[in-house]
Amino acid sequence: MNKLVLATRNKNKIEEMKALVSGLGIEILSTLDFPELEEVDEDQPTLEGNALKKARYVHSITGLPSLSDDTGLEVDALDGAPGVYSARYAGENVTYQDNVLKILTELEGEKERSARFRTVVALVTSEDENLFHGVCNGEILTEQRGDKGFGYDPVFKPEGYDQTFAELSSEIKNEISHRGRAVQKFIEFLNK
């Protein structure tokens, strides 16, 4: 494998994924490099389903190995929500800040704030399909802290750390995050 297409238009994810796989010696492209690719509707009921749907579509059009992920924030006090709906928790076409504010509002006064990020990375090639899972446990804080990262990073404090994802360096975040752990399994698979 000398080329890999990241099945996303999310510039934050592209930057993070490129950093995670930079040592592989593979040319990393994204859907931004293929203007003919349409936006994929993430309408599957699971993270696995959405990740596979995006990677299959990109592979079918480009013919290149495609890597996609879908990530969900699962909050125990909200019975696992927002989960598969994390990116559009506050509605369609919302900002990261809209989603963060909705979580903070829903958890107002709640003592039990444990949560986890779960990522599923899908690799689709001409030969087969593989899934790689990553989980990062932590908690949702009562206020936002930090200005790095994206999404729910300012309110998510990973287990074993005093800082939120938005306060940690990208190197530390990539090492301990849900996406980092899933991509590490993908790298181990490639190295076999």
Check your understanding: Does Glu139 fit the bill of being assigned to a loop (DSSP other than H, G, I, E, B) and of a type in the set (D, E, K, R)?
Key -> no
Exercise for review: Residues that are surrounded by 17 or more Cβ atoms within 10 Å (Cβ to Cβ) and of a type in the set (Asp, Glu): find the strands (runs of 3 or more DSSP E) completely inside segment 1-111 holding 1 or more of those.
Suggested key: 66-75
Practice item. Output the qualifying pairs, or none if there are none: Cβ atoms under 9 angstrom, residues six or more apart or on different chains, first residue in segment 20-40 and in contact (Cβ under 8 Å) with a residue 60 or more places away in the chain, second residue in a loop (DSSP other than H, G, I, E, B). Key: Leu24/Met1
**Study point:** Matching residues, segment 142-192, being aliphatic (A, V, I, L, M) and outside any helix (DSSP H, G or I)
**Key:** Ala166, Leu168
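Bear in mind these aren't lab numbers, they're just calculated from the coordinates by the rules spelled out. As the structure is a computational prediction, the values presented were derived from the model and not from experiment. Counting neighbours? That spans all protein chains shown, and the Cβs are built from the backbone with ideal geometry, glycine included.
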